[in-house]
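Participant: This is the structure I want to talk about, given as structure tokens.
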């Protein structure tokens, strides 16, 4: 761990524990950069929000890549959905895939809500997962069925029903909350970069509280934190 830590945090004035905590706070909770700055200042750590932004982009990408490599293959039931976002006064679409356990394997920001956009999402999912799903659940948008036909994905059960796709629709909520805090989204690149880091970190800390006892919940939360410290190359406080 020492060699990995030295190579990762080389030439940074602040210790690894401070950097990892700042990045974790920013992506784990719906906080702005200035909120994270104030939380660190409360602990006597004086760092600007611009520095936190640089840490979030540099180290967040590294942390997210490590989490993806550790993640097992996700479930065989995919919920696909698209949500509109406003970027620079123009409509864009946030395409999202969620499995039956609530894990998010893929998110794409695209300017269109059509068959081509749906096909791009499904192709990326197939490439990443290495196999076709057993079931695909979508809303009433016809582009999904057209994309499946063009790709040749006819072996899975495609269920189109708005009421069945609440899992995917609800998975947009963290980004909706963050969108309000950020006031506005500057570009598609900014949003794509954020969600590509945010969702793997959210996956690491995702476990249903309703299905777990208190002791099981604490055990899984501690395991997630141990994994986070391992990928960030830091020790427990």
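Participant: May I ask you to compute the full-extension gain from residue 150 to residue 46, defined as 0.36 nm times their residue separation minus their alpha-carbon distance, rounded to one decimal in nm? Could the numbers behind the result be given before it?
Facilitator: On the way: separation 104, 0.36 × 104 = 37.44 nm, distance 5.45 nm.
Stretched fully, the residue 150-residue 46 segment lengthens by 32.0 nm.
Participant: Mind sorting 131, 233, 156 by how few other Cβ atoms lie within 10 Å of their own Cβ, fewest first?
Facilitator: Lowest count first: 131, 156, 233.
Participant: Which whole-number percent gives the relative contact order of the chain, counting Cα pairs below 8 Å spaced six or more residues apart?
Facilitator: Here the relative contact order equals 23 percent.
Participant: If you take every DSSP beta bridge fully contained in the chain, what fraction is antiparallel? Give it as a percent rounded to 5.
Facilitator: Looking only at bridges with both residues in the chain, the antiparallel portion is about 65 percent.
Participant: Would you list 211, 66 from fewest to most Cβ contacts within 10 Å?
Facilitator: With the fewest neighbours first, 211, 66 line up as 211, 66.
Participant: What's the extension gain from residue 230 to residue 35 if we count 0.36 nm per residue and subtract their Cα-Cα distance? Don't jump to the answer; show the numbers that get you there.
Facilitator: Numbers: separation 195, 0.36 × 195 = 70.20 nm, distance 2.56 nm.
Between residue 230 and residue 35, full extension yields 67.6 nm more.
Participant: Express in nm, to one decimal, how much length is gained between residue 113 and residue 215 on full extension, taking 0.36 nm for each residue of separation and deducting their alpha carbon distance. Mind dumping the intermediate values first?
Facilitator: Details: separation 102, 0.36 × 102 = 36.72 nm, distance 4.38 nm.
Stretched out fully, the residue 113 to residue 215 stretch lengthens by 32.3 nm.
Participant: Calculate the FRET efficiency for residue 181 and residue 68 from the Cβ-Cβ distance with a Förster distance of 22 Å, rounded to the nearest 0.05.
Facilitator: Details: r = 25 Å, r/R0 = 1.15.
Rounded to the nearest 0.05, the efficiency is 0.30.
Participant: Nearest 10 degrees is fine. How inclined is helix 33-42 to the longest principal axis of the chain, computing both from alpha carbons?
Facilitator: The answer is roughly 30 degrees.
Participant: For helix 115-129, what angle does its Cα long axis make with the longest principal axis of the chain, in degrees from 0 to 90 and rounded to 10?
Facilitator: Here the helix axis deviates by roughly 60 degrees.
Participant: Return, for the Cα atoms of the chain, the radius of gyration and Dmax in Å, separated by a comma.
Facilitator: Cα-based Rg and Dmax for the chain come out at 19.0, 58 Å.
Participant: So how tilted is helix 16-28 from the main axis of the chain? Cα-based, degrees 0 to 90, rounded to 10.
Facilitator: For helix 16-28, the angle is close to 30 degrees.
Participant: Here is a further query. Once you have a ≥ b ≥ c as the square roots of the Cα gyration tensor eigenvalues for region 47-148, tell me rounded if a/c is under 1.5, and otherwise prolate or oblate according to whether a/b is larger than b/c.
Facilitator: Numbers: a/c = 2.65, a/b = 1.33, b/c = 2.00.
Since a/c reaches 1.5 but b/c is at least a/b, the shape of region 47-148 is classed as oblate.
Throughout, read-outs are computed from the coordinates displayed, never taken from laboratory work. Nothing here was measured: the structure is a model prediction, and the numbers come from that model. Neighbour counts are summed over all protein chains in view; Cβ atoms, including those assigned to glycine, are modelled from backbone coordinates with ideal geometry.
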